[in-house]
Amino acid sequence: MNHPENDQHVDLSDVLDRDGSLASSWLRGKSVTPVPVGPHMDAALTRRVAAGCRAVGASHVVCANLPSGSSQTATTTLRLPIDSGHDAITPPSVMYTPDRQGVVLFREAGYALIAGSDSFMAAAVREGVDTARARFGRHARKLSACHPTLTTVSAAYPSARGAWSDPADVPLGSAAAQLLALLDKFVGGTCSAPEFAHGWWEARRASRANGERIQGPLADLFDRVFMTLEDYSVDPELWEPGELTDSELKTAIQEIGNTFHHPKEDSN
């Protein structure tokens, strides 16, 4: 790493809280998303930082190590050109533009938080914060067994108003994720037909209230489940001939799931 600055102790209390998280006062009017990163800063994150810096007119970034003690005081501060290799940067550390329009908080291996002004984020996260959060959620699910921290981070930064067409894009903590979990539990035999029906209606209402946008194949899946539940009575005393029984409902939902996961096989 090149271009060390003379400051060995830098006060970052305007950017970081005492626990090392991004300060709520600094985040006001800004956006933030987690992104995957390994044990050190990689080329993908470097490109994001460089793009954000160019957008706000920054010729360099400041990188600071965060000690285990006070996370608001950084040590070993370095000034780095935006296009230089940053693979020597390891957690816990923080990078920021001189005017602090953009910040990358790298607290531990596995993820980093990119945050900043609209101009910085539009360039650094060109896919959009919502999409970046949804993709991180997918990444977290894949690694949940070996890196459970990622699941916690994903839940803390869910996609606010996603438009999802594939289950892999649905962020943890969303009502749509609850719908998918209910399908898995019902088909897997870990919840009853009435529990599935009650949970489905509740999660469906929550999804609509939250403004979640479902489209494409995923919307078709949810619509088919909805129409099937229209023919099912949760209260056995209100059951009428022609309506689905518990076992018939499970069979119907299994068939819907098979059609969704194997559309080509189903169309033959």
All conditions in (1) surrounded by 20 or more Cβ atoms within 10 Å (Cβ to Cβ); (2) closer than 27 Å to SER31 by Cβ are true of LEU183 except (2)
Hey, ASP83 modelled with pLDDT of 90 or more, assigned to a loop (DSSP other than H, G, I, E, B), surrounded by fewer than 17 Cβ atoms within 10 Å (Cβ to Cβ) and not small (Gly, Ala, Ser) or not: no
Flagged in the stretch 116-138 as in contact with a helix residue (DSSP H, G or I) (Cβ under 7 Å, 6 or more places away or on another chain), closer than 22 Å to LEU172 by Cβ and surrounded by fewer than 24 Cβ atoms within 10 Å (Cβ to Cβ), in numbering order, are VAL125, VAL129, PHE136, ARG138
Exactly one of ALA155, ALA132 is hydrophobic (A, V, I, L, M, F, W, C), within 21 Å of GLY102 (Cα to Cα) and not in a loop (DSSP other than H, G, I, E, B), and that one is ALA132
Quick check, is LEU221 surrounded by 14 or more Cβ atoms within 10 Å (Cβ to Cβ), on the phi < 0 side of the Ramachandran plot, of a type in the set (A, V, I, L, M) and within 25 Å of the chain's Cα centre (by Cα)? yes
With the first residue restricted to the stretch 162-188 and required to be touching a residue at least 60 places away in the same chain (Cβ under 8 Å) and basic (Lys, Arg), and the second required to be surrounded by 19 or more Cβ atoms within 10 Å (Cβ to Cβ) and outside any helix (DSSP H, G or I), Cβ contacts under 9 Å at 6 or more apart or on different chains are none
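One line per residue, one yes/no per condition, for (1) closer than 30 Å to SER159 by Cβ; (2) crowded, with 19+ Cβ neighbours inside 10 Å; (3) β-branched (Val, Ile, Thr); (4) modelled with pLDDT of 90 or more:
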position: ASN6; (1), (2), (3), (4): no, no, no, no
position: ASP11; (1), (2), (3), (4): no, no, no, no
position: GLY20; (1), (2), (3), (4): yes, no, no, no
position: SER24; (1), (2), (3), (4): yes, no, no, yes
position: HIS40; (1), (2), (3), (4): yes, no, no, yes
position: ARG48; (1), (2), (3), (4): yes, yes, no, yes
position: ALA51; (1), (2), (3), (4): yes, no, no, yes
position: SER68; (1), (2), (3), (4): no, no, no, no
position: ILE114; (1), (2), (3), (4): yes, yes, yes, yes
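The values are calculated or read from the model by the stated rules, or taken from the named source; none is laboratory data. Because the structure is a prediction, the values reported are computed rather than measured. Cβ coordinates were reconstructed from backbone atoms using ideal geometry, including for glycine residues, and neighbour counts include every protein chain displayed.
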